[in-house]
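Working notes for the structure below.
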């Protein structure tokens, strides 16, 4: 792949990423970011009611139903409005209601079908089939399904269900009746004597919008910030909460693309189980060429001996005789690279392979942590530079903030590309789905792109770390052009890498990753409590 150059006239608009004049982060650019992917919203405790009413209103207008009936339908369909409408169109209103336990009761005004509390034709005493007592008609309640029992029995039934965590679908007490009870009646009867239980009921109903909704999930921050995030379209995306936590909406782990969720889950477990041991082994031991056990050197001599009796050269790892003489170690070419698979057995190969990917993954995550500290000093550099420049046309330092944003984004992609490669080409997940030839071809393709990205990310990092506040205008302009150039290059290479993964590597394997966004992980905007 050839080199890339970006001039000031190129199509890429760097000002979209933020301006140094307004700080290193541009909070007003959310609209541009939102246009690039699915619309996402931060739902706070205060705006949760507004978020829920938004969906309730859509269905109420469509089906001309009361709010509690609509809530029952939406809870049954896990707050998926589109799915609810699809069932309505395909099966009709009767089937939609029956599946969710919704009964729309329309009193006839006389006889046993009328409401006992309002009809003068009903006896003053009503027999309750639950407590087997005659109670005044003003102390009984009929549900939409038509079943009528005394208020004390209803209240006891509701309290048991609420305390058992069944607030979202309290069914009628009648035998074999699956109708959902009216939430207003539940709230009214329970609230008279047990207001705290009624509050719990309201809280359960409100939080069902998050707990049962595949489009809404709690932010995984620790300690929890109290926010939830609503994604309008694809579940497989990466988002940033208003508290600053970036995460994968699908698995709620840290944002990890180009790793898939399954790859990241396995990698996290593997790192927790092995990385501490691997770090110590890497730093202090070398494997015996005979038995592959780790050997620690306890002296200055580079001839070491394993407990199995095998002597070997500490520098190259090659087996030797027991005597450290010219004749016994002659023929060893310590400066030549020897493929590890020729020196060790399978267990040793696997260890070296994991260490290879883990060390590079950790190196780039460590670099990202160090580079993140640049934000703390960049604004001071910009302020000092602006004071020295007389020409107002040279005072635009937005390229600094834009370059940092691109560096952080591409560094993250690069670091997570190593766990991806570990599982993609290790035969662990896709052993039966790729031939050896196909795996080798795909690995070479991916590693070529990975190396290109790695080289250009380092160049971008180098130029951003330059003390440009001390330089003359001409040198500052040169650094600016280099930063603009390499920002465009790494963005292009990241897009190419994701395209390669999605189309050439995972496309035929039915395995998906969160898409790449040039402007970084999408920041969810806050939903107004008054919406």
Lone qualifier among 380, 345, 376 - being out of contact with any strand residue (DSSP E or B) (no Cβ under 9 Å at 6 or more places or on another chain) and either at pLDDT 80 or above or farther than 30 Å from residue 466 by Cβ (or both): 345
Extreme residue, surrounded by the most Cβ atoms within 10 Å (Cβ to Cβ), among residues of region 168-191 that are part of a helix (DSSP H, G or I) and free of Cβ contacts under 8 Å to residues at least 12 places away in the same chain: 191
Where residue 168 falls short, out of the listed (1) within 23 Å of residue 192 (Cβ to Cβ); (2) at pLDDT 90 or above: (2)
Single residue of 351, 262 found to be under 30 Å from residue 500 (Cα atoms), within 48 Å of the chain's Cα centre (by Cα), assigned to a helix (DSSP H, G or I) and at pLDDT below 85: 351
Residue tally, condition crowded, with 16+ Cβ neighbours inside 10 Å and in a loop (DSSP other than H, G, I, E, B), over region 513-531: 11
Residues being part of a helix (DSSP H, G or I) and touching a residue at least 60 places away in the same chain (Cβ under 8 Å) - total across region 458-480: 9
Some residue of region 404-427 being at pLDDT below 90, closer than 24 Å to residue 356 by Cβ and in the same structural domain as residue 352 (by TED's automatic domain parsing): yes
Among residues of region 404-445, those that are farther than 19 Å from residue 372 by Cα, under 24 Å from the mean Cα position of the chain (by Cα) and not in a loop (DSSP other than H, G, I, E, B), counted: 8
Per-region count, region 196-232, residues under 17 Å from residue 181 (Cα atoms), modelled with pLDDT under 90 and crowded, with 21+ Cβ neighbours inside 10 Å: 0
Test for residue 111: is it on the phi > 0 side of the Ramachandran plot and at pLDDT 90 or above: no
Residue check for residue 490: part of a helix (DSSP H, G or I), under 27 Å from the mean Cα position of the chain (by Cα) and buried (at least 20 other Cβ atoms within 10 Å of the Cβ): yes
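The values are calculated or read from the model by the stated rules, or taken from the named source; none is laboratory data. The shown structure was predicted, so the numbers you read here are calculated from the model rather than taken from an experiment. Note: ideal-geometry Cβ built from the backbone for every residue, glycine included; neighbour counts use all protein chains shown.
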